[in-house]
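Each value in this text was obtained by applying a stated rule to the coordinates, not by laboratory testing. Because the structure is predicted, anything quoted here is derived from the model rather than measured. With ideal geometry, Cβ positions are generated from the backbone for all residues, glycine too; neighbour counts draw on all protein chains shown.
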Ligand code: PAF
């Protein structure tokens, strides 16, 4: 496995891989890799011939009051984990390498970036779409793999790839959870013991929504009310949003029917945590 910092070096290696006719799988990450990332990397390993994992904490996608300074950085452990899983290249560029001068070109995916995290993190998805477009141009993957936990991100990236005729496929891998249901996230490391206990309520609320729907309820306001009751069992949890949406358009729906995304974002201590479930009703 090679760890590559420079874009030019990576491009030369990718040219050789392309000449050899290999199918390239790409997993973009911000590092601090956990079991969720590793399951995505395994999917890339199984479905492609040559796997590139990028590790780049993209400053553009963090708001001024967000956690870029304390975002966990564990490059040695990350590269060791990648090596174990048979990754071919870890691409770990510097900020100056990725943004050598003021960036004047941005990819703005409309509508899909407005609700959910887009409402609370202005500019976030514009920066995510832009860095993914840059990474896709550099790595030239046949397939890029994302995680379902960041449901809105995956939907936005799929739309960008389709709208801009980018020559790659996007595969979204299932959310990996701790035994008690908490979705794996690099930001779980911010939780103290008490907050960690309360964090189980996020998935519990989503499961309650699923049960409520299975019992025949469809009204989104009632579903949201049920989820709110569960999250409010902890005074530490500050709800940012609970939404029931059409999973293709990300429009909020009054009745849960068809392909439905139920999504939650909360603040819990220093952590902002998101989770979701997709239901086919
Ligand atoms: O999900 C992430 O880790 C990031 O948003 C991504 C896709 C690597 C872009 O910086």
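Points worth noting:
- Whole-Å semi-axes of the range 83-222's equivalent ellipsoid (Cα gyration tensor): 31, 21, 17
- P(r) tail, the range 64-137: Cα-Cα pairs separated by more than 20 Å, 51% of all pairs.
- Projected onto planes of every orientation and averaged, the convex hull of the alpha-carbon atoms in the range 199-279 covers 4.7 nm².
- As an equivalent ellipsoid, the range 34-158 spans semi-axes of 24, 17, 15 angstrom, where each value is the square root of five times an eigenvalue of the C-alpha gyration tensor, largest first.
- Proportion of all alpha-carbon pairs of the chain beyond 32 Å (%): 25 percent
- Three principal axis extents of the range 10-93 based on alpha-carbon atoms, in descending order, are 46, 25, 19 Å.
- Over the range 237-281: Kirkwood hydrodynamic radius from C-alpha pairwise inverse distances, Å: 11.0 Å
- Each of the peptides 54-62, 15-23, 36-44 was scored by the mean count of other Cβ atoms within 10 Å over its residues; in descending order, highest first, they stand as 36-44, 54-62, 15-23.
- Shape analysis of the range 103-168 based on the Cα gyration tensor places the equivalent ellipsoid semi-axes at 19, 14, 10 Å, largest first.
- Span from the the range 241-281 Cα centroid across to the the range 68-97 one, whole angstrom: 30 Å
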